[in-house]
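The values are calculated or read from the model by the stated rules, or taken from the named source; none is laboratory data. Only a predicted model underlies this, so the values are computations on that prediction, with no experimental measurement involved. Please note: Cβ atoms are built from the backbone with ideal geometry, for glycine as well, and neighbour counts cover all protein chains shown.
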Amino acid sequence: MELQKFSYDNRMTRNFAIATIVWGVVGLLAGLLIALQIFIPAMNFGLEFTTFGRTRPVHTNAIIFAFVGNAIFTAIYYSLQRLLKTRIYSELLSKIHFWGWQSIIVAAAVTLLAGFTTGKEYAELEWPIDIAITLIWVVFGWNMFGTILQRRTSHIYVSIWFYIATWVTVAVLHIFNSLALPVSFLKSYTLYAGVQDALVQWWYGHNAVAFFLTTPFLGIMYYFVPKVSGRPVYSYKLSIVHFWSLIFLYIWAGPHHLLYSSLPDWLQALGTTFSVMLIAPSWGGMINGLLTLRGAWDKVRKEPVLKMFVVGITAYGMSTFEGPMMSFKTVNAISHFTDWTIGHVHIGALGWNGMLTFGVIYWLVPRLYNTKLYSNKLANIHFWIATLAIIFYAIPLYIGGITQALMWKQFTPDGFLMYPNFLETVAQLIPMYTIRAFGGGLYVTGFLILVFNIVKTIQAGSFVAEEEAEAPALHANSEIKTQSETWHRFLERKPIRFLILATVAILIGGIVEVIPTYLVKSNIPTISSVKPYTPLELQGRDIYVKEGCYNCHSQMVRPFRSETERYGEYSKAGESVYDHPFQFGSKRTGPDLAREGVKTGKMYKPNSWHYNHFIDPQKMNQASIMPKYPWLAKKEIDIQSTPAKIRAMITLGVPYPANYDQIAINDLKSQADSIAKDLAAAGIQTESNLEIIALIAYVQRLGVDISNKPVKK
């Protein structure tokens, strides 16, 4: 058979690899900064743009979409060409994809630090950037499928199955979770509210982990582990079961992030059920990856790349066992809102994503530059440092998480909370946070060793932009189904049908869970006493979101005696029907705020307390780890945006009176004057048009609508 000569384009692989390294440094340093800020609040250096609330989403987005995202594209652009025996479809589309993605990352970092955020975890970017992500994702898909359709192989390999599922699912998740009503160029309100928004967000959030941090890396595992080890994949049949069961089951699991919340019980039960079932396909993938190395353990012992793959795949197995366990309600009652969850997430991020990425870079760059890795010894040192770093990072958080939960729930023999002051629990965690930061510092150190090793490797080599190759053309007979061909081998010859079937598989769970929440009114019962926010409270809520307060404070009192004793009445679904977005939160670094506006007796906090607390938290309690927010007492409320925000809320179904936008500013000023007057009576002289006034109005509103015993001052 005549062979066709062609060349692989290595330019985009190189570009994405360099971007992976650059953004890896940025993302890890941002992570180290916030790890230090948790027990040293002054590490924000007194700046508005570097507080924990603003830096934390920069860290998560930089690691997920910049570091891991570029690593995914590095591996796909390299492996796709070689698996399909063809050049990448379009050099122009590749360039648009690369520069478009890097521009999005820069825009994300700048806007998040400036406080422009939707307030939805892992989906904080505002609507213009969301549109840009959609367009660039289409460009990536166009280029990928163009390459698949011009292939010289009859069947598509297992890695490409996972790439296809990644592309279609991320597109669906991103589009539906990002639907929002713009108010201005960098301000919007999500179309969903309260419980419905929480459901859609964690349908997205959990599956962003599944289909951005997991499925593409499984594709990478199925290509690079056999390639580096020189061993075939352990089981083709297991890979089929692994793929289809994983993409079908994963999409149902999102509600396990909302156990014991005001989400309907039937949705919580579905989330738990499918999360537990996920153990089987997840461990099937881990077993397939590790057993591919059977007979190559001597090579594993010598090669740092393979050692990194082993730790990465093992971390995947650990985190995909722990996740389902944490979705049991009995375990979730302890783990949710604690540092346990943070430890769990980082086993996946540092172990699974990090170690696989390191291994791929160490193996790939020398081949792109036609040379040997500068130092295998340094790569081995990096491996051991990174492995120790993960241990130092995760174990303190597991201990700290369990400590938090037990202290929150502990009662005295007389039936009172043993630790009524939330800061008593925080004080016990400071040593754990210190060790976690040490682990983070180790991980950064290991990565800097990689940077040095790769730079020296590049300097020693010469870049191979065009890699010559040859392969037989795809013959027309290869498209004819034979009698002995299985249904899956048939699908592997039909990538468009494969795409359609994968799309159907991932849509079923989302449709079953999300649609009834909107069509069946009894799922989200309303409460007649719950009223829309006043214009000042709405502005204050936007400031709360801008400052990232949701990163540390939940607004969801769970139906446990320990929580109702500490915070007040448990949260109802109807409370949050006007919240765009929801504010249930996922981590309690500080206390829950769902009932902050309604406290009884000595627990009640007047306006003056909140003012002083925002300006200098340590003045109110020396043990506080909250940063200072002095700029709130200097910056003016964007009063002129109020009518547009009210109109947007009316469009979204919030029942303000007709033409209320025309008098909203007057109402805002009236309420602000009242709060300023109350502060003056307490000895605090301040203007009424400042952001701190709006934020006080918002926190003092929380929980008031459903309180049976409102406090009268």
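Restricting the search to segment 151-198, which residues are closer than 14 Å to residue 79 by Cβ and either among the charged types (D, E, K, R) or in a helix (DSSP H, G or I) (or both)?
151, 158, 159, 160, 161, 162, 163, 164, 166
Can you tell me which residue within segment 687-713, out of those that are touching a Phe, Trp or Tyr at 6+ places or on another chain (Cβ under 9 Å) and at pLDDT below 95, is surrounded by the fewest Cβ atoms within 10 Å (Cβ to Cβ)?
713
Residue by residue through segment 1-22, note down the ones that are over 24 Å from residue 472 (Cβ atoms), surrounded by fewer than 20 Cβ atoms within 10 Å (Cβ to Cβ) and more than 25 Å from the chain's Cα centre (by Cα).
11
Output the residues belonging to segment 345-382 that are touching a Ser or Thr at 6+ places or on another chain (Cβ under 6 Å) and either more than 18 Å from residue 18 (Cβ to Cβ) or modelled with pLDDT under 95 (or both).
The answer is 347, 348.
Would you please list the contacts, defined by Cβ atoms under 9 Å and residues six or more apart or on different chains, that run from a residue in segment 1-27 that is acidic (Asp, Glu) to a residue that is not in a strand (DSSP E or B)?
2/473; 9/77; 9/81; 9/87; 9/88; 9/91; 9/94; 9/465
Within segment 74-82, is even one residue assigned to a helix (DSSP H, G or I), of a type in the set (A, V, I, L, M, F, W, C) and either surrounded by fewer than 23 Cβ atoms within 10 Å (Cβ to Cβ) or without any contact (Cβ under 8 Å) to a residue 40 or more places away in the chain (or both)? Can you show your working first?
Taking segment 74-82 first, the residues assigned to a helix (DSSP H, G or I) are 74-82.
Next, only the ones that are of a type in the set (A, V, I, L, M, F, W, C) stay: 75-76, 80.
Going one step further and asking which of them are either surrounded by fewer than 23 Cβ atoms within 10 Å (Cβ to Cβ) or without any contact (Cβ under 8 Å) to a residue 40 or more places away in the chain (or both), we end up with none.
No: segment 74-82 contains no residue that is assigned to a helix (DSSP H, G or I), of a type in the set (A, V, I, L, M, F, W, C) and either surrounded by fewer than 23 Cβ atoms within 10 Å (Cβ to Cβ) or without any contact (Cβ under 8 Å) to a residue 40 or more places away in the chain (or both).
Which condition breaks for residue 485 when tested against (1) at pLDDT 95 or above; (2) over 24 Å from residue 249 (Cβ atoms); (3) surrounded by 12 or more Cβ atoms within 10 Å (Cβ to Cβ)?
The failed condition is (1).
Hey, among the residues in segment 83-106 that are under 25 Å from residue 27 (Cα atoms) and not hydrophobic (A, V, I, L, M, F, W, C), which one's surrounded by the most Cβ atoms within 10 Å (Cβ to Cβ)? Before the answer, list the steps.
The first filter runs over segment 83-106 and keeps only residues under 25 Å from residue 27 (Cα atoms), leaving 94-106.
Then drop every residue that is not not hydrophobic (A, V, I, L, M, F, W, C), which leaves 94-95, 97, 100, 102-103.
Values: 94: 23, 95: 14, 97: 25, 100: 18, 102: 18, 103: 13.
Result: 97.
Quick one: count up the residues across segment 105-132 that are assigned to a helix (DSSP H, G or I) and touching a Phe, Trp or Tyr at 6+ places or on another chain (Cβ under 8 Å).
4
Determine whether residue 320 is surrounded by fewer than 20 Cβ atoms within 10 Å (Cβ to Cβ), β-branched (Val, Ile, Thr) and either under 23 Å from the mean Cα position of the chain (by Cα) or part of a helix (DSSP H, G or I) (or both).
Values: surrounded by fewer than 20 Cβ atoms within 10 Å (Cβ to Cβ): no; β-branched (Val, Ile, Thr): yes; either under 23 Å from the mean Cα position of the chain (by Cα) or part of a helix (DSSP H, G or I) (or both): yes.
Against the criterion (surrounded by fewer than 20 Cβ atoms within 10 Å (Cβ to Cβ), β-branched (Val, Ile, Thr) and either under 23 Å from the mean Cα position of the chain (by Cα) or part of a helix (DSSP H, G or I) (or both)), residue 320 does not qualify.
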